[in-house]
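Colleague: Could you have a look at this structure, given as structure tokens, before my questions?
The values are calculated or read from the model by the stated rules, or taken from the named source; none is laboratory data. Note that the structure is a prediction, hence the values are computed from the model and not measured. Because the Cβ atoms are built from the backbone with ideal geometry, glycine has one as well, and the counts that use them run over all protein chains shown.
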């Protein structure tokens with residue numbers, strides 16, 4: 001860890017959060033359910049304490065996760081940041097500075113506090129990192145409980161609880177991934193007791209698919225490649241594929257689940273060229289065994305967990321990205337198998 005920044009305990013983190021009256025809560029580019037749920041959940045906590053707060057993201061909230069957006073928990077557009085008189089900036093679910101995206105250059109004072117749960121990354125502010133948390137949402141729950149204990153808020157309201165539940169369910173694959181602990185289930189039980197509409201949330205997260213997403217899944221099945229005796233699966237999606245099928249990057253959000261589901265696959269990868277940044281490729285990696293994919297991603301400036309990680313690689317084309325990843329993994333044959 002970088003000694004330039006202070007490692008905070010949960011109590012110290014909450015003390016620091018109380019210094020803000022109008023904070024901005026930043027989530028990472030191409031936000032997932034954990035990032036969105038955690039950011040909105042933290043904003044809900046601030047508002048329950050009688051303070052103002054706004055979420056901020058470089059990218060729009062994906063349509064499939066728009067149900068988490070609520071007018072009671074406003075989200076700033078990047079172009080409106082300068083018009084908001086904020087007194088602090090908190091990042092959630094961000095493990096490296098590069099994951100903040102284009103809004104980073106608009107944050108004149110930088111990030112005041114970093115809240116994260118990833119095992120690989122580099123602190124860029126005073127930080128609270130709990131690597132044992134299955135999701136950033138677990139940390140937000142701990143913050144809420146601490147403020148209730150201190151009497152700063154009466155209880156966790158239903159909207160905030162729903163955001164936290166969605167964050168945790170999203171990052172645990174509806175509680176089926178290896179990052180799930182007994183505490184994860186206990187938190188979920190506590191949130192359900194608060195009246196969280198878990199059936200509706202999980203349907204939106206896992207069972208509700210647009211026609212565009214279904215078309216994207218068809219393409220993923222068709223484009224899957226296999227290496228190293230079938231133990232590695234890769235799906236590569238560049239902008240030409242998206243354009244020819246009238247699809248966006250967000251429509252391939254379930255691609256990694258398809259790539260990892262094939263029998264015999266130990267490591268799966270999905271490589272997607274960024275819609276607005278040709279030549280920049282986002283890599284998502286998953287492991288079905290205890291293989292450290294975060295180490296591979298960290299080499300390219302990314303990070304994550306033992307079994308789930310990601311990074312962004314700049315190359316002339318997607319084939320060069322595949323080659324770089326396979327070489328880093330020590331794969332000798334880079335010819336796709338039948």
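Colleague: Looking at the structure I just gave you, is residue 180 farther than 25 Å from residue 261 by Cα and either within 22 Å of the chain's Cα centre (by Cα) or without any contact (Cβ under 8 Å) to a residue 24 or more places away in the chain (or both)?
Modeller: For residue 180, the condition - farther than 25 Å from residue 261 by Cα and either within 22 Å of the chain's Cα centre (by Cα) or without any contact (Cβ under 8 Å) to a residue 24 or more places away in the chain (or both) - is not met.
Colleague: Let me ask you something else. So is residue 281 at pLDDT 90 or above and touching a helix residue (DSSP H, G or I) at 6+ places or on another chain (Cβ under 6 Å) or not?
Modeller: yes
Colleague: Next up: Here are 256, 232: which of them is buried (at least 19 other Cβ atoms within 10 Å of the Cβ), over 24 Å from residue 277 (Cβ atoms) and either touching a residue at least 60 places away in the same chain (Cβ under 8 Å) or assigned by TED's automatic domain parsing to the domain that holds residue 280 (or both)?
Modeller: 232
Colleague: Hey, any hits in segment 307-318 for a residue that's without any contact (Cβ under 8 Å) to a residue 40 or more places away in the chain and surrounded by fewer than 16 Cβ atoms within 10 Å (Cβ to Cβ)?
Modeller: Checked segment 307-318: at least one residue is without any contact (Cβ under 8 Å) to a residue 40 or more places away in the chain and surrounded by fewer than 16 Cβ atoms within 10 Å (Cβ to Cβ).
Colleague: Looking only at segment 39-77, which residues are in contact with a strand residue (DSSP E or B) (Cβ under 8 Å, 6 or more places away or on another chain) and part of a helix (DSSP H, G or I)?
Modeller: Correct list: 39, 40, 42, 43, 44, 46, 47.
Colleague: Take segment 284-307 and flag every residue that is modelled with pLDDT under 90 and assigned to a strand (DSSP E or B).
Modeller: 303, 304
Colleague: What about residue 29, is it without any contact (Cβ under 8 Å) to a residue 12 or more places away in the chain and either assigned by TED's automatic domain parsing to the domain that holds residue 175 or assigned to a helix (DSSP H, G or I) (or both)?
Modeller: It is false that residue 29 is without any contact (Cβ under 8 Å) to a residue 12 or more places away in the chain and either assigned by TED's automatic domain parsing to the domain that holds residue 175 or assigned to a helix (DSSP H, G or I) (or both).
Colleague: So, one more: Being in contact (Cβ under 8 Å) with a residue 40 or more places away in the chain and in the same structural domain as residue 223 (by TED's automatic domain parsing): is that true of residue 279 here?
Modeller: In short, no.
Colleague: Do we have any residue at all in segment 1-22 that's under 20 Å from the mean Cα position of the chain (by Cα) and assigned to a loop (DSSP other than H, G, I, E, B)?
Modeller: Checked against the condition, which is being under 20 Å from the mean Cα position of the chain (by Cα) and assigned to a loop (DSSP other than H, G, I, E, B), segment 1-22 yields no hits at all.
Colleague: Checking the conditions here, which among 136, 189, 144 is in the same structural domain as residue 35 (by TED's automatic domain parsing) and farther than 30 Å from residue 6 by Cα?
Modeller: 189
Colleague: So, residue 50, is that one in the same structural domain as residue 133 (by TED's automatic domain parsing), modelled with pLDDT under 90 and at positive phi or not?
Modeller: Here the answer is no, as residue 50 does not meet what is asked.
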